[in-house]
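Please read the structure below before turning to the comments.
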Amino acid sequence: MSRSRHYSLTLRLALIFALLAFALLATLGVALYRELERELIRRDDTALISRVDQLRNLLSDSNTLDLIKTKPELFQNMLGNRESVLSIAAPGQPPLLLVNPANIELPAIEPVPGNHVLVLSDVQHLPGLNGIPFSTVAATINAGDLGSLQVTSGRLMTERTAVLASYRLSVYTLASIAAIILALAGYLLVHRGLLPLRRLARHAQGIGVGNLAERLDSEGAPKELLPMIESFNTMLERLSKGFVQLGQVSTDMAHELRTPINNLLGETQVALQQQRSVDSYQQLLASNVEELERLARMLDNMLFLARTDPASALRQRQALDAADEVERIADYFEGLAADAGMHIVVQGKGVIWAEPMLLRRALANLCANAIKYGAPGSALSVQAIATDEGVNVRVSNQGETIPAEHLPRLFERFYRVDESRERSSQSNGLGLSIVATIMQLHNGRYRVSSEDGITTFELFFPARD
Amino acid sequence: MNILVVEDEPKAGNYLLNGLQELGYSVSLARDGVDGLHQALETPFDVIVLDVMMPKMDGWEVLRRLRREADTPVLFLTARDDIADRIKGLELGADDYLIKPFSFAELVARLRTLTRRGPIREEEHLQIADLQIDVLKRRVTRAGTRITLTNKEFALLHLFATHQDQVLSRSLIASRVWDMNFDSDTNVVDVAVRRLRLKIDDPFQLKLIHSVRGIGYRFDTQP
């Protein structure tokens, strides 16, 4: 249901910008945070170890031990803050010295033997108090007369935790701010970037039937839009051309209708002016029938040209023997040609892949023209020449050369080389445009040439795939 | 022949009624689809001419309902020259169709074909007055004189001889003789008929081919 809903490109891009910015900055922040955390732990651990090392050195001296016993407050102040813990005790006895201002419960941990140098991995990290980590290290000291003592030093990492927490907060805040800024910037940028598109849309909206000649302005448009503008303008070009042609056809058709209707109206009105003999009424009616048939034919042709169903024509194609078809055409026009003092020469080979009625109609239109304009005593030649790609059908006659400027327009509807000569009742100026339509229906080609008194129409029917 | 014409357009209905009656057929006219269907179901007709575009009940509906009860041949008339329309008509059980405008002679020829019962027996020898046609040998003589005809001239004469007394339209002739099923802008048929006349009529007293003004030709021993 919502599949056809349109999404906003601007919004989508802004959101993507924001997400990307947040993800990128957050990842970077986390990486730096881990690095910082590791560094801080290392520093703290080193401090703990160095303290225990110092105590080791100090306590191996008996003077110092005496000092601890007599003046423990000296050592209590030594640590200087409330987070440190220090205990010195002989195994199984109450501690000689216990500095524990925060009253942290000391876990029992395995001391490092006296002959062992302390390393970072000897430091134990415990969950500690209220989620604040507690690091501690214990070592055995050989203290001469007193035997072996155990020194435990630890530290609650409140400061470190606070530093890290504030760092974390900064990372997330900064990433969020960056995301919001980028989202806004992205939104504005995309919105601005799409401005030319909206301008084009407004312009295109203004183009209608009245101003088809107008074109979209590519001035100031980004490079990415140029192909679209160009194809849109080409489409307008084609539309406006088609529109002009269509209008021309309607006008031409209206003009063509004038002649037969005028004849019908005039003749009938004159006939009704006074009483006439039955014979003259019959003559009138017969003449009316002629005009009406002309109208019906024109209608038929116009409908044929307007029909937009090439698929069915293509479906009805058959393999037709070229020799048969040219022979049939020759038979059909034999009498007409003889009347005009012409003879028909046919030659056909190959198989034409075409809809039979359309092929015959095209050939008949060409032959009718060829006879109409052929010189008496000359030959009308109809040839079908087979090639690998299809069959070329050529209809050529001898007569007046058609001036070159007319050739490209011959296949237009109602186009006539000589306005005055050809307005006979038999011709309606649609014959060749029907040929053109038929060839288009067959995905074929058509062309005409006229040189040295020989005019040749050539139709190419592509072979079956 | 008993014909029912269902046509709502007054002028068209009238000329169909008059034209067919003048040819000697018994014709009933219905002015709309409801009346047409009623008559068609009441009376057995030999053939029905049915207009498609009608108020109240259109031709398709009439045809659909008629076909539930009777298989009277139906020729439908349509003003729409599109293939889907024609196919629809034939699928509903119509037997033939004509697209308006059509020639009256064409309509008559189609009606005859629709009502012809049984297969047509091809005559091997035809005799019209003193004209003799040997169909198999394609030999034509008139008053004992051998007449040489081209293939198409023979086909044309054969068409005429097998449709005596009937008016044949130019488009019907073009389609039967040359298999050209479209109205061409040429007067090929007139020329062919003239050339045939030159051979079989001109040298003789009794003329067999008659022009019917505005319609076509008739082959008849009567003028």
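A few comments on the model shown:
- The alpha carbon centroids of segment A:281-310 and segment A:313-343 are separated by 23 Å.
- The label-point distance for B:Q164 and A:V345, in a model that sets each label 7 Å from Cα toward Cβ, rounds to 4.5 nm.
- When you restrict to C-alpha pairs under 8 Å that are six or more residues apart and normalise by the size of chain A, the relative contact order lands at 11 percent.
- Label-to-label distance, nm, for residues given as A:S176 and A:N103 (7 Å Cα→Cβ offset): 3.8 nm
- Among the listed pairs A:K241/B:K100; A:K349/B:K137; B:K137/B:K199, those whose Cα-Cα separation exceeds 21 Å are A:K241/B:K100; A:K349/B:K137.
- For B:A30, the residues 5 or more places off, or on other chains, whose built amide H falls under 5 Å of its own are B:V5, B:V6, B:E7.
- Site pair A:S250 and A:F414 shows an inter-label distance of 1.2 nm when each label is modelled 7 Å from Cα along Cα→Cβ.
- Hydrodynamic radius of segment A:89-128 per Kirkwood, over alpha carbon pairs, in Å: 12.6 Å
- Applying the Kirkwood pairwise sum to the alpha-carbon positions of segment B:2-115 produces a hydrodynamic radius of 13.7 angstrom.
- Using a Förster distance of 51 Å, the FRET efficiency for A:D279-A:A463 (Cβ separation, nearest 0.05): 0.35
- With distances taken between every two different alpha-carbon atoms, chain A has a Kirkwood hydrodynamic radius of 33.5 Å.
- As computed over segment A:290-407, the Cα convex hull volume per residue (Å³): 146 Å³
- Couplings 3J(HN,Hα) of segment A:232-242, computed from phi: 5, 5, 5, 4, 4, 4, 5, 4, 5, 5, x Hz, in residue order, whole Hz [Karplus 6.51 cos²θ - 1.76 cosθ + 1.60, θ = phi - 60°; x for Gly and Pro].
- With θ taken as phi - 60° and the Karplus curve 6.51 cos²θ - 1.76 cosθ + 1.60 applied, the whole-hertz 3J(HN,Hα) list for segment B:27-37 is 10, 10, 10, 10, 8, 8, x, 5, 4, x, 4 Hz, x standing for glycine and proline.
- Looking at segment A:336-465, the pairs of alpha carbons with a distance over 26 Å make up 18% of the total.
- Computed log10 I(q)/I(0) for segment B:59-153 at 0.18, 0.22 Å⁻¹: -0.87, -1.10, from the Debye equation with unit scatterers placed on every C-alpha and solvent omitted.
- Descending Cα extents along the principal axes, segment A:7-166, whole Å: 85, 29, 23
- Pairs from A:K372/B:K152; B:K11/B:K56; A:K372/B:K207 whose Cα-Cα separation, in the structure shown, is over 28 Å: A:K372/B:K207
- Viscosity 1.306 mPa s, temperature 10 °C, Stokes-Einstein D of segment A:232-322 from Kirkwood C-alpha radius, µm²/s: 93 µm²/s
- Kirkwood hydrodynamic radius over Cα pairs of segment B:125-219, then Stokes diffusion coefficient at 4 °C and 1.567 mPa s, in µm²/s: 96 µm²/s
- Sites A:L9 and A:S231 - FRET efficiency at Förster radius 25 Å, r taken between beta-carbons, to 0.05: 0.75
- Packing-based exposure ordering (other Cβ within 10 Å, fewest first) of B:H163, A:H203, A:H442: A:H203, B:H163, A:H442
- Between B:M57 and B:G33, B:V34, the built amide H atoms are under 5 Å apart, and every one of these is 5 or more places off in sequence or on another chain.
- Tail beyond 20 Å, pair distance distribution of segment B:1-61 (Cα, percent): 18 percent
Since every read-out is calculated from the coordinates, none of them should be taken as a lab result. Since the structure is predicted, the reported quantities are computational estimates derived from the model, not experimental observations. Don't worry about glycine lacking a Cβ; one is built from the backbone with ideal geometry, like all the others, and counts go over all protein chains shown.
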